[in-house]
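Computed from the coordinates by the stated procedures, all read-outs in this text should not be read as laboratory data. Computed from a predicted model, the values in this text were never measured in an experiment. Every residue, glycine among them, receives a Cβ derived from its backbone with ideal geometry; neighbour counts consider all protein chains shown.
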Amino acid sequence: MRTSSRHHRAFGTLRNLRLLPALLGLFGSVGCVTEPEVTPIDLRALLGELSGGLRADYTADGDGGLAHTTYFTIKPGSPEYAALPRSEQDKLAKIQAGILHSSKLPPTDLVAGTEVTGTLTVKGGAGSDRIQEVVLQLPKKWNGQLVVVGSPGTRTEFASAAVIATWVLKRGFAFVSGNKGLTNGGADGNTSLLRKQHATQHYGAMMLDLAGWAQRRLLEASGKKPSRTYALGLSMGGYQVRRALELDHEAVEKGAPRLFDGGIDWAGVYAPDARVLDSNRDGKVSTTEFSQGTHLVTSMERAVLAMGYPYDTGAKTTPAAYRERPQFSGAQAQMVAGGFHPQSAILWGAYSLLFDSLKAKLPAWRGVGYYNLTAYYYRADLLGHDDKESAPYSMWSASMTGHPPLYDYLASVAQGGWTDDSVQWALKNANTGRFSVPLISLHGDRDALVGLPGNGEAYAAAVQAAGRPELHRLYVIQNGNHVDAHADGMLDYDCNGTAADESAADSLVPMQPYVERAFGLLTDWVEKGQAAPPSRTVATDPKNDLLDAAKVSFQ
């Protein structure tokens, strides 16, 4: 473990980052040769096009390296924390804002290199500029390739530090990620969705922005464009991967240069297009058709109604319902209709109560879980509502202790409360299923947030119907869930008020090793022409988690 004095030595030069220009450095470029070719890198070029840009160099000798391996455990207010420059404290706060990795897979790989952060603005015209906070990390032993990472949910540009960056950087790839413009404004940027700006419309394009910017920076810095660029992302970041490859394909068809060579989507959100939603085939998607379709908001809202408000009489979030076989049997039909796999029932209660533990200090969080939070914020984004306009379907109760209006609203509102305008905003996000480079999707059958049938399997069907299925693989990981940290068995799965007393860890597996192995399949597919094994369900033993990616097989 590092001492505060080592922190001070490692970051002493960083305190003057705001005043001093970045210095010229030399990095070795490592390829598939015994003696790496040494290429001069002008590190100053990495800050180009950013506002508020900062550069930091990490030696991987006591400073955690580019993956910030130590920032997951340093406590704010501790001597180690105090020894960090303010810019590094800010990074630490973002990293600790939401832990996604399993405790069995802590980030440990120390990679030396350079990191730049700042705000990237891409002009869109007519008030539609795309602005996001970004991080670009360049390993000292760079392999000449780039991985562009979509951020999950409404999280920060550092959200994938443990689950993706640590092993990507170890392999020598440059890494770039952004926060989709969800800056400040509440936990994980959720309230950014209440700004009446339809933030989700930019998610796919922002992935292209990241790729184009990082390619230009690396080209200017090294004199050569990355030889390969891959897209990779979890959850909403997985949606970004899919949409980015689709948009890239459309641009290439119009004569633009290709940005991406392939992608991995990990439990990606699927946004169906008009072809899927237009059930009567009249050439348009009505508000009724949208309300009856299966997409992120309707999926969450069906879960809200199926499970009920946890403090209401008749709610399904009870120990008795958890013990039923099948679990939460009274909610099964609605949850399956909402796009969830029956195997994911082990997490339905926990996800209905996930933030309830905050209620002692924050009464408004009483009875709040993943489902009502996601339904509320993403509905508001599509409707273009702020906190006042969204009050009729708010997940918060006016008294902070009573029944929130969301539940009654969903049970009674006509056409799901959607308008023609909101449907059109949703269709701007829609996945087409058409791309022209290899894409590997991975999804756990116990994913209780982004359900396998409504997202992983539905997207595979869209590719089959409209795209090039020979370029797509879907690997279903048995017993895999949405957040690897939840595979550790530390939630209140049975809703009895006590966490981690259900032995749930013996029923769930972390997905990260499977994703890491799939990335190797992707690079072999792109660079060697070795197509990945056919889509399949991968058997797992949740009592003996497989943690070494090298031992994962998709055969």
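Amide H to amide H under 5 Å from residue 509: which residues, 5+ apart in sequence or cross-chain, H placed 1.01 Å off N in plane?
For residue 509, whose amide H was placed from the backbone, the distant partners under 5 Å are 480, 481.
What does the charge add up to near residue 513, with Lys and Arg as +1, Asp and Glu as -1, over the other residues with Cβ less than 12 Å from its Cβ?
-1
Identify which of the listed values of mean projected area of the Cα convex hull in nm² was calculated from the structure shown: (i) 33.6; (ii) 25.3; (iii) 23.3.
Read-out taken from this structure: (ii).
Pairs 140/170; 140/224; 141/170; 254/428; 141/551; 196/428: which exceed 21 Å Cα-Cα?
Those over the limit are 141/551.
Using the per-residue mean of other Cβ atoms lying within 10 Å as a proxy for protection, in what order, highest first, do the peptides 496-504, 251-259, 473-481 fall?
473-481, 496-504, 251-259
Pull out a ≥ b ≥ c, the square roots of the eigenvalues of the alpha-carbon gyration tensor of region 432-555, then state rounded if a/c is under 1.5, prolate if not and a/b is larger than b/c, and oblate in the remaining case.
oblate
Relative to the longest principal axis of the chain, what angle (0 to 90°, nearest 10) does the C-alpha long axis of helix 512-528 take?
60
Quick check: the distance between the Cα centres of region 342-375 and region 387-451, to the nearest angstrom?
Between the Cα centre of region 342-375 and that of region 387-451, the gap is 16 Å.
With charges only on Cβ, +1 for K and R and -1 for D and E, what is the dipole size of region 77-149 about its Cα centre, in debye, rounded to 20?
With Lys and Arg at +1 and Asp and Glu at -1, about 160 debye.
What does the helix-only formula give at 222 nm for the chain: each DSSP H stretch with n ≥ 4 adding -39500 (n - 2.57), the total divided by the residues, and the result rounded to the nearest 500 deg cm²/dmol?
-8500 deg cm²/dmol
Give the peptides 280-287, 321-328, 304-311 in descending order of average Cβ contacts within 10 Å, highest first.
By packing density, highest mean first, the sequence is 304-311, 321-328, 280-287.
Expressed as a whole number of Å, what is the distance separating the alpha-carbon centroids of region 506-555 and region 264-288?
If you average the Cα positions of each part, the centres end up 29 Å apart.
Using the Cα centre of the chain as the reference point, and only Cβ charges (+1 on K/R, -1 on D/E), how large is the resulting charge dipole? Debye, rounded to the nearest 20.
980
Once the convex hull of the C-alpha atoms of region 98-140 is built, how many Å³ does it hold per residue, rounded to a whole number?
About 104 Å³ per residue, rounded to a whole number.
Which semi-axis lengths, in whole Å and largest first, follow from the square roots of five times the eigenvalues of the Cα gyration tensor of region 47-166?
In descending order the semi-axes read 24, 17, 16 Å.
So how tilted is helix 236-253 from the main axis of the chain? Cα-based, degrees 0 to 90, rounded to 10.
70
In the chain, with Lys and Arg counted as +1 and Asp and Glu as -1 at Cβ, which of these residues, 550, 456, 136, has the Cα nearest the positive end of the dipole, that is, farthest along it?
Final value for the positive-end residue is 136.
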